[in-house]
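The structure under discussion appears below in the form of structure tokens.
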Amino acid sequence: MQTCYENLLRGWGVDPTSLAKLPRAPYQPGVLPEGGNPGVVIAQLADRPPPPIPKNSWVSWSDYPSAALRAERSGTVVMVLSVSATGRVETCRVAVSSQFRPLDEESCQLMIARAHYPPVAGTTGDAKGSTAIERIRWVIPRSF
């Protein structure tokens, strides 16, 4: 199973050895981040230390794509992000689709526009670019 997981990460362009060395956020099933809401939940921080800005401010229920609301579509999007040496997201690639294009596209647009990570030091101590994996679970708000 581990080999399969590592091959999946490599297919996404993520080095499993580097990923294993980075700190991870503790997993708490069913617990929303502070200030979180039940509409849209960023569910996982995969290979990055905690960001300098609250993650729950990156996406909110008001970001839910109107086309997805009209179609009553929900889903989960897993993205591979290229992060610059300054911590900004430069590119976003959908690794696992929600099977509804507006959700996938909005997820990447939001990560590029709002996500920010602390710089990662290279072996010489200089900041370097890195890769992050993020997952957004889109759930239609109950008050829809």
Size-normalised alpha-carbon gyration radius of region 69-144, reference 2.2 N^0.38 Å: 1.30
Only loop residues by DSSP count here, and only those with at most 16 other Cβ atoms within 10 Å; note down the trypsin sites (Lys or Arg not before Pro) in region 88-144 that meet that. Arg142
For Thr131, other-chain or 5+-apart residues with amide H closer than 5 Å (H placed, Pro excluded) are Val83
Amide H neighbours of Trp138 at under 5 Å, excluding residues fewer than 5 places away on the same chain, with H built from the backbone geometry, are Gly75, Thr76, Val77
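Since every read-out is calculated from the coordinates, none of them should be taken as a lab result. Keep in mind it's a predicted model, so treat the numbers as computed, not measured. Methodologically, a virtual Cβ is constructed for each residue, glycine included, from the backbone with ideal geometry; neighbour enumeration extends over all protein chains shown.
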